[in-house]
Amino acid sequence: MADRHRAARRYRHRLPVQHAREEEAAVSRSRTHGSPRLRVPLVSLLAALVAASAVLLGAGSAQAAGYRYWSFWEGNGKNWEYATQGPSLLRPDDGTVQGFRFAVSEDSGDADQPRRAPDFGAICADTPAKDGRKRVALVIDPGTTTDAPDGEKPPALRAACAQVAPDASSAEALAAVAKPLRYDDSAMLCAISGYPKSGCGEQVSGDSGSAKPSEPTKTTGDQDMGEGEGSDGGGPSAGLLVGIGAVLLLGIAAVVQARRRR
């Protein structure tokens, strides 16, 4: 009996030590492998943040809209520059090279240039100078089948030398060599030499709620589309980027707070 009492006392003395060791081992395993109850919410939170960022970026890119139209260009001797005035307002000097390109684009920042160099000497080589007249070289590029309206085939690119009155506008020079021209009710240039047969600056991609832009080849008004809608080229706005940053910061704060609770 005395032996059993002594064994029981020894067992009771060892019990707190054993519990302490077991608790220490459990804490060590938690630090090494992490708490399963915390890992699952953190994974869900990160997945939600990624999804939210993707939705915000998608919303920004969906705002970009593409339009099919004739863009208007001026040659600087070597390269093409997007015209800053409409063809009815611009009155080119003798020896000027101007271009028209039909394509789909969002604005002047991504518009396709004419695919022939602005070489006045080559284009007007067979048109001798004449007193009381000026020569304007024109490159007319109807673009590719990719940009053509359904059911239409773009005609071949061509160049012409218009010989017109000294005070003639670019629109008058174009009419002298590329009839028939077609305009809409707002005096927007819709077709050159009958191409395309229908349509005028119509939207062909992007957000269907976007308004029709200020057409670069309007015969009145400013040529620069930068003041119209889509001037940022369709990239995410500053507000969108701030929103994405706020979502990411909230996610980082939640992760830090969860680690502290461990």
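Per-structure values
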| item | result |
| --- | --- |
| Full-stretch length increase - Asp94, Arg158 - with 0.36 nm per residue and alpha-carbon distance subtracted | 21.0 nm |
| Check: region 95-161 dipole with +1 on Lys, Arg Cβ and -1 on Asp, Glu Cβ, in debye | 560 debye |
| Residue-count net charge about Asp141 - beta-carbon cut-off 9 Å; Lys, Arg +1, Asp, Glu -1 | +3 |
| Estimated FRET transfer efficiency (Ser198, Ala117; beta-carbon r; R0 25 Å; 0.05) | 0.20 |
| Residues Ser186 and Ala165, FRET efficiency given R0 of 30 Å [Cβ-Cβ distance, rounded to 0.05] | 0.70 |
| Contact order normalised by residue count of region 70-157, Cα under 8 Å, 6+ apart, percent | 31 percent |
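Just so you know, all these numbers are worked out from the coordinates, no wet-lab data involved. Since the structure is predicted, the reported quantities are computational estimates derived from the model, not experimental observations. Backbone-built Cβ (ideal geometry, glycine too); neighbour counts: all protein chains shown.
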